[in-house]
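K.L.:
Could you have a look at this structure, given as structure tokens, before my questions?
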Amino acid sequence: MRLVHLSDLHLGFRQFQRLTPAGINQREADVAGTFRRAIERTIALEPDLVVIAGDVFHNVRPTNPAILQAFREFSRLCRALPRAAVVMVAGNHDLPRTTETGCILRLFTDVGVTVVDTEARRIDFPDRELSVYAVPDVPGVRQLALEPDPAARWNVLLLHGEVEGMLPAHAAPLERAAVEIPKEQIGPERWDYVALGHYHVYREVAPNAFYSGSVDYTSANAWGELVEERQAGLPGKGIIERDLATGEHRFHHVAPARPLVDLAPIQARGMTTTELDRAIAERVEACPGGIEEKIVRLLVRDVPRHIGRDLDHKALREYKRRALHFHLDTRRPEIIRLAAASGAPGRRPSLADTVRTKLETRVLPGDIDRGALVTLGLKYLGDAEAIGLAQSSTSAVDGAAIPTPSDGGPGADPAGPSEHF
């Protein structure tokens, strides 16, 4: 018994103000193209079961092109895999806020998809000895007894929601409260497989419980998804293939229709406007394959307001023309509180902050490289702190009775060891 698990299609997702020659939002067309390739990969795998874990559409009332695209592709899927069972649950993006309004997903029952939208339901396939417990994103999920069917050989839990404690802060939804479900309630060990939807990055919850992730970058924080994918060593978006008999598991990468490129960030502290313009141009031109028609972000840290205001905006407009979308994400320097007044914004300066500020502002002879001086000064400071730490550790190991600042003896700094030099 092999299944394919996909989720969070978000058909109808729109972003940026670019249109195709047919007048459709370019990102909406991109997502539709990625979905089409995901269906093609699913058909090629020839599974016995296809589970779709919610958020088929990005909006409760999707656009006509999105509806037509979904109907066409799900029809193709059911025709190409006539012996496969196809089960879909509604996600929070699919469900209307009022019960009297029907869910658009019911449209797909006419092509052979089993749709579960208003309440959790067990779906049995006796000829396959299979039971699928389908749980959409509806109130009251935490009160459900999520139990497999003891009479079935294969039991699959299909659920759209947030497993408690599994998602990072940047994944918190913006438009509706998430369905939070304790892992103990799911009980992955009771099921042959748990197919989860709602979170947009492929992630393991248990050895047999997974979020398949979205098929394209359609969340409010796509750049956060890219960072998490890099940290996890993932190639990007895709679908899951799982053999219930052997436990063989494979994530199939499905390349998005349009690349997202997060250029290497720039640390702009101490840069002049001309130097920062040059650094931005170098990052853009170093982009593999160029930035043409891609979605690009360049993060620049520690940019004072007057530097950002005087950047070469003609060059920035040219980057925006070349890319589908170019975002120069400039971050102003962190506020460092020089006074100890209660309620003042920012943080107290560290010793390194103080040394850096003094070296960056003092008057120097014209033949001295200020940048090299700052770097050397901070290096000496780091070396001194390392020697002090090593001496403290040696004293502790040898049992010496010499008081140190942290011991509160003579010479202790009342401001704490972090302020002592």
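The values are calculated or read from the model by the stated rules, or taken from the named source; none is laboratory data. Just so it is clear, the model here is predicted, and its values are computed rather than measured. Heads up, the Cβs are rebuilt from the backbone with ideal geometry, glycines too, and the neighbour counts pull from every protein chain shown. SASA here: full protein model, heavy atoms, side chains in, ligands and nucleic acids out. Shrake-Rupley method; radii C 1.70, N 1.55, O 1.52, S 1.80 Å.
K.L.:
Suppose we take every Cα in region 13-125 and form the convex hull; what volume per residue is that in Å³?
P.N.:
Per-residue hull volume (Cα only) is 111 Å³.
K.L.:
Could you please report the charge total around ARG190, scoring K, R as +1 and D, E as -1 over all other residues with beta-carbon less than 15 angstrom from its beta-carbon?
P.N.:
With Lys, Arg at +1 and Asp, Glu at -1, the neighbours total -2.
K.L.:
Show me, for region 242-254, the HN-Hα J-couplings you get by feeding each phi into the Karplus relation (A = 6.51, B = -1.76, C = 1.60, θ = phi - 60°), rounded to Hz, glycine and proline as x.
P.N.:
Values per residue, Gly and Pro as x: 9, 9, 5, 6, 9, x, 5, 9, 9, 9, 9, 6, 10 Hz.
K.L.:
Per q in 0.14, 0.17, 0.19, 0.29 Å⁻¹, report the Debye log10 I(q)/I(0) for region 102-166, using one uniform scatterer on each alpha carbon and no solvent.
P.N.:
Log10 of I(q)/I(0), two decimals: -0.48, -0.69, -0.83, -1.26.
K.L.:
Which aspartates and glutamates have a Cα less than 18 Å from the Cα of LYS320, not counting those fewer than 8 places away in the same chain?
P.N.:
ASP262, ASP277, GLU282, GLU285, GLU292, GLU293, ASP310, ASP312, ASP329
K.L.:
Return the distance in nm (one decimal) between the two label points of a simple spin-label model at ARG142 and ARG362, each offset 7 Å from Cα along Cα→Cβ.
P.N.:
Distance between label points: 5.9 nm.
K.L.:
Here's another thing I want to ask about it. What is the extension gain from GLU40 to GLU189, computed as 0.36 nm multiplied by their sequence separation minus the C-alpha to C-alpha distance, in nm to one decimal?
P.N.:
Extra length from GLU40 to GLU189 when fully extended: 50.5 nm.
K.L.:
Still on this structure, I have one more. Report, in whole Å, the centroid distance computed from the Cα atoms of region 192-233 and region 128-161.
P.N.:
Cα centroid to Cα centroid, the span is 21 Å.
K.L.:
Could you state the accessible area per residue of region 35-93 in Å², with a 1.4 Å probe and every protein chain left in place?
P.N.:
39
K.L.:
Continuing with this model, one more query. Classify region 202-344: rounded, prolate or oblate, from the alpha-carbon gyration tensor (a ≥ b ≥ c, eigenvalue square roots; a/c under 1.5 rounded; otherwise prolate if a/b is larger than b/c)?
P.N.:
The shape class here is oblate.
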